[in-house]
Amino acid sequence: MRDAITSLIKNYDVTGRYLDRDAIDRLKSYFATGTARVQAAAAINANAAGLVKQAGSQLFAEQPELIRPGGNAYTTRRYAACLRDMDYYLRYATYALVAGDTDVLDERVLQGLRETYNSLGVPIGPTVVGIQILKDLVRQQVAAAGIEPGPWLDQPFDHITRELSEQDI
Ligand SMILES: CCC1=C(C)/C(=C/C2=NC(=C\c3[nH]c(/C=C4\NC(=O)[C@H](C)[C@H]4CC)c(C)c3CCC(=O)O)/C(CCC(=O)O)=C2C)NC1=O
C-alpha cells in the first residue's frame, strides 16, 4: 500500500533519478493540500454513518426498483449489504484522501470487486450512482466544515467509479 510520497520515491528509485522539478511540484501540491485533506477526513468521520444513510436513501429514492422484489437490494440482508458496501467506499476513500494516493483503493477495495458484483448480480450502474451521491454529500459536509473542496476531494470517489465501470474487453 502506497501513499503519494512512497509512490513518487518508488518511481524515481526504479530509474535511479534524483527528484526533479516535476517531482518537487508534485510534492509541493501534496503538502499544499495536506491540511485540507486531513481536515476533510475528520469532517467525514464526524458524520460517516449519517452520510452513508443519506446516500442510501437518496439512491433508493432515485431508483426504487432496487429495493422492490426482484431488485438486488431487496430483502433486509441485501439492503444492509448495500449500505455496508457504501460504508466501505466512504471509509476507504478517507484513507485515500489522507494518503493522497489511490493505491489503497486498488489494493483493498477494487481487486476482484467487479467479478464479485457480476457473479452476485449486484448492478454496477446504480452502485456508481450511489458512490457519486456519496461524493456530493461529502463535498457539502466538507464545505460546511469550512474546508475549501478541491479536485483532491473528488479523486478517490471518481477513481472507484472509473475502475468499477471499466468494461471487460
Ligand atoms: C472492503 C472491500 C470490500 C467490498 C467493496 C466488498 C463488497 C461486497 N459486496 C458484496 C455483496 C453485496 N453488495 C450489494 C450492494 C448493492 N446492491 C444494490 O442493488 C446496490 C446498487 C448496491 C449498494 C449500493 C448487495 C445487495 C450485496 C449482497 C448480494 C447477495 O448476497 O446477493 C460482497 C459479497 C459478499 C458479501 O455479501 O459480503 C462483497 C465482497 N466486500 C469487501 O470486503
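Take Ile131, Ile124 and sort them by solvent-accessible surface of the protein heavy atoms, 1.4 Å probe, largest at the top. The partial results should precede the final answer.
Details: Ile131 0, Ile124 30 Å².
Result of the area sort, largest leading: Ile124, Ile131.
So what is the diffusion coefficient of the stretch 24-79 in µm² per second by Stokes-Einstein at 10 °C and 1.306 mPa s, using a Kirkwood Rh over Cα pairs?
Reported coefficient: 113 µm²/s.
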Requested in this report: Order the peptides 70-76, 3-9, 103-109 from the highest to the lowest mean number of other Cβ atoms within 10 Å of their residues.
Outcome: 103-109, 3-9, 70-76
Query raised in the report: Where q = 0.14, 0.18, 0.20 Å⁻¹, what log10 of I(q)/I(0) comes from the Debye formula for the stretch 57-159, counting one point per Cα?
Result: -0.58, -0.91, -1.07
Report summary line: In this structure, the FRET efficiency calculated for Asn45 and Leu19 from their beta-carbon separation, with R0 = 35 Å, to the nearest 0.05, is 0.60
Report task. Give the peptides 60-67, 111-118 in descending order of average Cβ contacts within 10 Å, highest first. Result -> 60-67, 111-118
Query raised in the report: With labels modelled as points extended 7 Å from the Cα through the Cβ direction, what inter-label distance (nm, one decimal) is found for Glu148 paired with Gln58?
Result: 2.4 nm
Query raised in the report: Roughly how many Å² is the accessible area per residue of the stretch 1-99, as a whole number, for a 1.4 Å probe?
Result: 62 Å²
Report summary line: Counting Lys and Arg as +1 and Asp and Glu as -1 over every other residue whose Cβ sits under 10 Å from the Cβ of Ala55, the net charge comes to 0
Query raised in the report: Of the accessible area of the stretch 55-169, with the probe set at 1.4 angstrom, what percent is carbon plus sulfur?
Result: 52 percent
Requested in this report: Using every Cα-Cα pair within the stretch 87-129, state what percent have a distance larger than 12 Å.
Outcome: 63 percent
Report summary line: Computed ³J(HN,Hα) along the stretch 54-61: with the Karplus parameters 6.51/-1.76/1.60, θ = phi - 60°, integer Hz and x for glycine or proline, the list is 5, 5, x, 4, 5, 4, 6, 6
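How do 86-99, 23-36, 153-166, 42-55 rank on mean C-beta neighbours within 10 Å, highest first?
Values: 86-99: 20.7, 23-36: 13.7, 153-166: 18.6, 42-55: 16.5.
Descending mean neighbour count gives 86-99, 153-166, 42-55, 23-36.
The values are calculated or read from the model by the stated rules, or taken from the named source; none is laboratory data. It should be emphasised that the depicted structure is a prediction, and the values quoted were computed from it without experimental measurement. Cβ atoms come from the backbone with ideal geometry, glycine included; neighbour counts cover every protein chain shown. Ligands, DNA and RNA are stripped out before the accessible areas are found, and what is left, the full protein with its side chains, is counted by its heavy atoms. Shrake-Rupley method; radii C 1.70, N 1.55, O 1.52, S 1.80 Å.
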